[in-house]
Amino acid sequence: MASRTAAVSLIGLAMLLAATACGGNETVSTQPVPGASRTTAPTAGATGPSASASPSGSSRATGTTACATKHLRWKLTRADSRSHGAPTALLSARTTGSRPCALDGYPELDVYVGKGPSVSSTPKSTKPVRVVLNGARAVEFPVFYVPTATQHGSCFIPGRDSPRISVRPPHAAARDYGAFVRLTDAGGRRLRAQVCGTTMQLGSPRPR
């Protein structure tokens, strides 16, 4: 009887050890953080070209307020260069207040005709950017798009339709609808915007 009890105990111990071994092989998967953006995350430890455009920590960590439309004055200037790979226009921003504010990511530039066709900008690079504007200098984003039609082609948003242009800062608040901006030449003369492709990209920011 004692030997039978011992055998049963050994079988029970073997089953317990087997169950423990199976549990040790369980894998825990870590999922990405919901809502994380590949274009707006701050760059830690990077050194920018100047205090007016420098990658660093988040706005909350440094105490710098995120730029809102009420803090900014935008300009969109048609570029003079027609060389291959050169930007079509330059979108510049300057803060209107006395305190610095931060652009954590790229602004959103939209060209549209009423409820008709529209083109929204996307970043040309996936590298995170952070720009701190302190009033001393502006920052500009190169804008790349096709402004003229080919010989037998047409424009997605023709200039004859007098399209409107709006710009919003990154991470705009719910009631921040952005501001209208006019396309001008280097002398400040107003130009009609015309987008002949279906894409528009913003290059990396640079001090101005």
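The values are calculated or read from the model by the stated rules, or taken from the named source; none is laboratory data. None of these values were measured; they are calculated from a predicted model. FYI the Cβ positions are ideal-geometry reconstructions off the backbone, even for glycines, and counts take in every protein chain you see. Surface accessibility is based on the protein's heavy atoms, side chains included, excluding ligands, DNA and RNA. Shrake-Rupley method; radii C 1.70, N 1.55, O 1.52, S 1.80 Å.
Set the Förster distance to 25 Å, then compute FRET efficiency between LYS115 and ARG182 from the Cβ-Cβ distance, nearest 0.05. The partial results should precede the final answer.
Numbers: r = 21 Å, r/R0 = 0.84.
Taking R0 as 25 Å, the efficiency between LYS115 and ARG182 is 0.75.
Compare ARG175, ARG130, ARG137, ARG208 by solvent-accessible area with a 1.4 Å probe and give them largest first, with all protein chains kept in place. It would help to have the intermediate numbers written out before the result.
Working: ARG175 200, ARG130 5, ARG137 100, ARG208 120 Å².
Accessible-area ranking of ARG175, ARG130, ARG137, ARG208, largest first: ARG175, ARG208, ARG137, ARG130.
Return the aspartates and glutamates within reach of LYS115: Cα separation strictly under 16 angstrom, same-chain partners fewer than 8 residues apart disregarded; answer none if there are no such residues.
Leaving aside aspartates and glutamates fewer than 8 places away in the same chain, those within reach of LYS115 are ASP161.
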